[in-house]
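The values are calculated or read from the model by the stated rules, or taken from the named source; none is laboratory data. Since the model is a prediction, treat every value here as computed from it, not as a measurement. Cβ coordinates were reconstructed from backbone atoms using ideal geometry, including for glycine residues, and neighbour counts include every protein chain displayed. Heads up: the accessible areas ignore ligands, DNA and RNA and are worked out on the full protein's heavy atoms, side chains in. Shrake-Rupley method; radii C 1.70, N 1.55, O 1.52, S 1.80 Å.
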Amino acid sequence: MTFSGSALRQRSRALLSFACLLGAWAAVTALRLVDPIVLPSPWSVARALPGMLRERLLADVALTLGRVLAALACACVLGIPLGLFLGYRRRTYEVLSGPLHALRSIPASALFPLFLLVVGVGETSIVSLAAYPSLLVILANTVSGAALANKRRLYQARLLNLTTVQLLSEVLFYEALPAIFNGIRTAVSYSLVLVIAVEMFMGLGERGLGRAIYLYQSTYRIPETYGAIIIAGTIGIGLNWAVTRGHHHMLRWVPHAHEEQ
C-alpha cells in the first residue's frame, strides 16, 4: 500500500509525538520530579512486561479483546440494518427519534443494574453493557448516512423494481457506508472503555485486562499497572487502525478516502 505525502507527514508527526512523550516521561523519572510509586520509569515498566506475560496477561488480553469484538459485532448486526431501515423510512424514524435520543443520553453505567436483572450475571452482562452504547452510535450514524443517500440512485432502484430488502442491502448500504464506518470507529472506543471498566470495578469476570489492572494497582505493583494500561491503549490504537484500514478498503471508490484519518 502506498502512502501520499500528507499521510507520511501525519504518521511522522504521530511517531514524533510518541517519542517526545516517552522522552519527557524518562526525564521526569530520572530527575526524581515525581515519586516512583506514582510514576515509575519507562524502563521499569519495560522490565515488568516479561513477568506480566508469564502471569496469564496474554489470556487476559485475549479475553478482553474477545468481549470487545463480541459487543461490536452485536452492535453492527443490529444497528446497521435497523439504521438503514429507519433512514429509508423517515416517518418511522421521526416517531422513534425522541426515545432513541433519550436512550443515548443515559450513561451505560447507570443501566448496569438493569442489565444484571434482564440478562443475569456473567459474560452476557459484560458484552451487553458494552454493546448498548455502541449500538446506539452505529444506529444514529447509519440513519444519518442513509438519509443523505443519492436520490437519483434511489429513484433508479425503484425503477428497477427492487424490493425493500434489495434496495437497503444493494444501494442504501453503500450510500451510508462512510457514515457507518464513522460510527464503528466511535463504537470501538466505547466498547473497549466499557469492557475494561466493567472488568475493573464490577468484578463480574475473574479475568480480563481491566481486572489485571485493578489487581496490579491494589497490590502496589505500579510498573505492572502502567504496563497493563499501555497495553490497553495499544489495543485501542490497533482496533482503530483496523477499522481505518477496512474503511479505506471498502471505500476505495470514494475520492480522497485514503486521506482520511
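Structure values in brief
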quantity: Boolean, residue 77 is closer than 29 Å to residue 201 by Cα, surrounded by 16 or more Cβ atoms within 10 Å (Cβ to Cβ) and either of a type outside the set (S, T, N, Q) or at pLDDT below 90 (or both); calculated: no
quantity: Members of region 103-123 found to be within 18 Å of the chain's Cα centre (by Cα) and open to solvent by 20 Å² or more (accessible area, probe 1.4 Å), listed by number; calculated: 104, 107, 109
quantity: Residue within region 86-99 that is among the basic types (Lys, Arg), open to solvent by 20 Å² or more (accessible area, probe 1.4 Å), modelled with pLDDT of 80 or more and assigned to a loop (DSSP other than H, G, I, E, B) present; calculated: yes
quantity: Top-ranked residue in region 38-85 [being assigned to a helix (DSSP H, G or I) and of a type in the set (S, T, N, Q); ranked as farthest from residue 222 (Cα to Cα)]; calculated: 64
quantity: Members of region 130-151 that are at pLDDT 85 or above and surrounded by fewer than 19 Cβ atoms within 10 Å (Cβ to Cβ); calculated: 144, 147
quantity: Test: residue in region 1-20 that is exposed (fewer than 14 other Cβ atoms within 10 Å of the Cβ), under 24 Å from the mean Cα position of the chain (by Cα), at pLDDT 90 or above and assigned to a helix (DSSP H, G or I); calculated: no
quantity: Of residues in region 152-194 being under 30 Å from residue 109 (Cβ atoms) and of a type outside the set (A, V, I, L, M), the one surrounded by the fewest Cβ atoms within 10 Å (Cβ to Cβ); calculated: 189
quantity: Residues of region 216-241 classified as among the aromatic types (Phe, Trp, Tyr), free of Cβ contacts under 8 Å to residues at least 24 places away in the same chain and either touching a Leu at 6+ places or on another chain (Cβ under 9 Å) or surrounded by 18 or more Cβ atoms within 10 Å (Cβ to Cβ) (or both), total; calculated: 1
quantity: Where residue 71 falls short, out of the listed (1) open to solvent by 60 Å² or more (accessible area, probe 1.4 Å); (2) in contact with a Ser or Thr (Cβ under 8 Å, 6 or more places away or on another chain); calculated: (1)
quantity: Which numbered condition residue 43 misses (of (1) farther than 30 Å from residue 149 by Cα; (2) aromatic (Phe, Trp, Tyr); (3) modelled with pLDDT under 90; (4) open to solvent by 60 Å² or more (accessible area, probe 1.4 Å)); calculated: (3)
